[in-house]
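Below is one structure, written out as structure tokens; comments come after it.
The values are calculated or read from the model by the stated rules, or taken from the named source; none is laboratory data. Note that the structure is predicted; figures quoted are calculated from it, not measured. Note that each Cβ is placed from the backbone with ideal geometry, even for glycine, and that neighbours are counted across all protein chains shown. Side chains are part of the model used for accessible areas, which takes the heavy atoms of the whole protein and leaves out ligands, DNA and RNA. Shrake-Rupley method; radii C 1.70, N 1.55, O 1.52, S 1.80 Å.
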Amino acid sequence: MRRSIKARSSFFLMIDIQERLMQAVFNKDEVIRNSSRLLTAARELSVPSIVTEQYPKGIGSTLPELKNLIPEETSIIEKTEFSCCDASGFGDAFLNLNFSSGTKDTAVLFGVETHICVLGTAIDMLEKYNLNVIAVADACGSRTEENHRLALDALRSIGCLVVPTETVIYHMLGKAGTPEFKELLPLFK
């Protein structure tokens, strides 16, 4: 299985970073900050994205500070399923990414909760779509640090690459000195 992190063959999946749910997440500030960095990079590097919202009627919608960064063409999928892959409309959104912007064989996952929706989605992406799955550790969170840590261990054990936000963005940039590098560098200063 290929392990490189390239913008042209990847898509981002932001999972359930919603108003009421984030209040209970132990590392919420880090998750929000790094999700913002990833969404900014998605826009700058033209990485297509899918966003999910778990039962927004009860949990609220995506955090406003992140919603403003989501590219216009992004599919936002409401769900009640824990695995995004089981949500109505997810399969169509994924297929649309592959038809509209070249083959995407690498899913970059971030969001909450690591031990429920992120892990369940990663398992299904490996099994149903045979994708390379990257979990962005510092842009994922759970209500407890222990659940988050255990889920990261589980993600590694099933074959996911687990890395920090900075690794994803720098690998997608590929080199310094480009206009994209200059645009994104302030995110890490």
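Data for the structure
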quantity: Pairs, first farther than 18 Å from residue 168 by Cβ in segment 126-152, second among the small types (Gly, Ala, Ser) and assigned to a helix (DSSP H, G or I), C-beta under 7 Å, six or more apart; calculated: 142/151
quantity: Neighbours by Cβ (under 7 Å, 6+ apart or cross-chain): first from segment 18-34, touching a residue at least 60 places away in the same chain (Cβ under 8 Å) and closer than 21 Å to residue 166 by Cα; second part of a helix (DSSP H, G or I) and open to solvent by 40 Å² or more (accessible area, probe 1.4 Å); calculated: 26/145
quantity: Which listed residue, of 97, 69, 45, 39, is within 13 Å of the chain's Cα centre (by Cα), within 27 Å of residue 179 (Cα to Cα) and in contact (Cβ under 8 Å) with a residue 24 or more places away in the chain; calculated: 39
quantity: So residue 173, is it in contact with an Asp or Glu (Cβ under 9 Å, 6 or more places away or on another chain) and either open to solvent by less than 70 Å² (accessible area, probe 1.4 Å) or within 19 Å of residue 132 (Cα to Cα) (or both); calculated: yes
quantity: Answer from 62, 114, 80, 52 - the residue that is touching a His at 6+ places or on another chain (Cβ under 7 Å), at pLDDT 95 or above and under 18 Å from residue 18 (Cα atoms); calculated: 114
